[in-house]
Amino acid sequence: MLVTIDQSSGFCWGVVRTVEIAEETLNNIEDNNVYILGQIIHNPKETDRLEQKGLKTISYEDLQNINPKNSKVLIRAHGEPPSTYESAKKLGIEIIDATCPLVTSLQNRVIKFHQQDYQIVIFGKKEHAEVIGLRGVCNDECIVVKSVEDVISSVDFTKKTVLISQTTMDKNTFYAVKTTIQENISKTLLIEDTKDFFIAKDTLCRAVYGREDKLKEFAMSNDIMIFVAGRNSSNGKGLFNTCKSVNTKSYFIEDIKEINNDWFIGAEKVGITGATSTPQWYMEKVKNEIESIN
Ligand code: SF4
């Protein structure tokens, strides 16, 4: 049985950057008081590794109880709303900002459109950390949709509108949402050309969607696919569906213990891949485990 790790898998550059900032901060602070608001990335294995190095995962409520002296609080790649920075400032806590630059640029776009009085439509999940940050930069004056049905029930088609997306959402649904808004604005305002009333920005992250074609190719070239990711990883769910769409023998695991030996009966080629938050070292571990079944 040949077991191969997908060469295009592993951390995206935004996650690499966040993890590097966390490690650098942990190495350079006395007393090891490095905190992070929420799980650093949606992967329990990497979170455990960094926690063993001293990173402490905290909630917003915990922020109030930190001793600001000699402590630092990291902002993860998903970003935070302005209220988090304001609270930290009031409490005298030093922030280390590891927001992915793509998310920062997305927040800046939302600020710009908000200042220009656009109706802001965000294609995303309302309670996802990245969307909470985006909602925060426009004082929650936006509409969050995750389907065409949501668009019909919540968007006002008489208003000047901009559509943007959470970076890790599904591409096809984004374009269906875009078409729905465009058609409805056109119908409501009785105009053919909607460009003065509607702007759609495809802000889906290429680190996720640039991988789709290569992932399909890799999944088709193997008999069995093992997809390794945290269960709460948004891009993990999307990429797994891509994998499964071309190889029905695709299995999602978060932990090595979930591997079932029966999956490999009769298989000659096994592929291992993961989300943009799946560490390479854990996929190596999975590979060794499967090879030992051999
Ligand atoms: S998936 Fe894209 S937006 Fe998200 S952290 Fe990675 S590079 Fe940044």
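If you take just the strands (runs of 3 or more DSSP E) that sit entirely in region 1-86, which of them hold at least 2 residues that are buried (at least 19 other Cβ atoms within 10 Å of the Cβ) and under 19 Å from the mean Cα position of the chain (by Cα)?
Because the criterion is at least 2 residues that are buried (at least 19 other Cβ atoms within 10 Å of the Cβ) and under 19 Å from the mean Cα position of the chain (by Cα), the strands (runs of 3 or more DSSP E) in region 1-86 that meet it are 34-37, 72-75.
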Of all residues in region 129-186, how many are in a loop (DSSP other than H, G, I, E, B) and without any contact (Cβ under 8 Å) to a residue 12 or more places away in the chain? 1
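Can you find a residue that is among the charged types (D, E, K, R), away from the ligand (no atom under 12 Å from the Cβ) and not in a helix (DSSP H, G or I) anywhere in region 92-100? Spell out the reasoning first.
Kept after step one, since they are among the charged types (D, E, K, R), are these residues of region 92-100: 94, 97.
Okay, now just the ones that are also away from the ligand (no atom under 12 Å from the Cβ), so 94, 97.
Now drop any that are not not in a helix (DSSP H, G or I), which leaves 94, 97.
The answer is yes, given that some residue of region 92-100 is among the charged types (D, E, K, R), away from the ligand (no atom under 12 Å from the Cβ) and not in a helix (DSSP H, G or I).
Quick check, is Gly238 within 16 Å of the ligand (Cβ to nearest atom), under 30 Å from Glu183 (Cβ atoms) and out of contact with any Pro (no Cβ under 9 Å at 6 or more places or on another chain)? Give the steps one after another, and end with the answer.
On the way: within 16 Å of the ligand (Cβ to nearest atom): yes; under 30 Å from Glu183 (Cβ atoms): yes; out of contact with any Pro (no Cβ under 9 Å at 6 or more places or on another chain): yes.
Considered against the rule, which asks whether it is within 16 Å of the ligand (Cβ to nearest atom), under 30 Å from Glu183 (Cβ atoms) and out of contact with any Pro (no Cβ under 9 Å at 6 or more places or on another chain), Gly238 comes out as yes.
Name the residue that is nearest to the ligand (Cβ to nearest atom), counting only residues in region 145-171 that are under 16 Å from the mean Cα position of the chain (by Cα) and not hydroxyl-bearing (Ser, Thr, Tyr).
We begin by selecting, within region 145-171, every residue under 16 Å from the mean Cα position of the chain (by Cα); these are 146, 164-171.
Right, trim to not hydroxyl-bearing (Ser, Thr, Tyr) and you get 146, 164, 166, 169-171.
On the way: Lys146: 18, Ile164: 13, Gln166: 9, Met169: 11, Asp170: 14, Lys171: 13 Å.
Per the stated criteria, the residue is Gln166.
Looking at region 46-60, can you tell me whether even one residue there is within 14 Å of the ligand (Cβ to nearest atom) and either within 29 Å of Val137 (Cβ to Cβ) or among the small types (Gly, Ala, Ser) (or both)? Outline the logic, then answer.
Initially, region 46-60 is screened for residues within 14 Å of the ligand (Cβ to nearest atom), giving 46.
Next cut, either within 29 Å of Val137 (Cβ to Cβ) or among the small types (Gly, Ala, Ser) (or both) only: 46.
Yes, there is a match, as at least one residue in region 46-60 is within 14 Å of the ligand (Cβ to nearest atom) and either within 29 Å of Val137 (Cβ to Cβ) or among the small types (Gly, Ala, Ser) (or both).
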Matching residues, region 247-265, being loosely packed, with under 12 Cβ neighbours inside 10 Å and assigned to a loop (DSSP other than H, G, I, E, B): Thr248, Asn260, Ile265
Considering only region 199-246, how many residues are within 26 Å of Pro101 (Cβ to Cβ), of a type in the set (Gly, Ala, Ser) and in a loop (DSSP other than H, G, I, E, B)? 4
Considering only region 223-235, I want to know if a residue exists there that is touching a Lys or Arg at 6+ places or on another chain (Cβ under 7 Å), outside the structural domain of Thr161 (by TED's automatic domain parsing) and among the aliphatic types (A, V, I, L, M). yes
Residue within region 250-271 that is within 30 Å of Asn108 (Cβ to Cβ), small (Gly, Ala, Ser) and either within 16 Å of the ligand (Cβ to nearest atom) or touching a Cys at 6+ places or on another chain (Cβ under 9 Å) (or both) present: no
Scanning for something under 16 Å from Gly236 (Cα atoms), exposed (fewer than 15 other Cβ atoms within 10 Å of the Cβ) and touching a residue at least 12 places away in the same chain (Cβ under 8 Å), does region 266-282 turn up at least one residue? yes
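The values are calculated or read from the model by the stated rules, or taken from the named source; none is laboratory data. Predicted model only: the values in this text are computed from it and were never measured. Cβ coordinates were reconstructed from backbone atoms using ideal geometry, including for glycine residues, and neighbour counts include every protein chain displayed.
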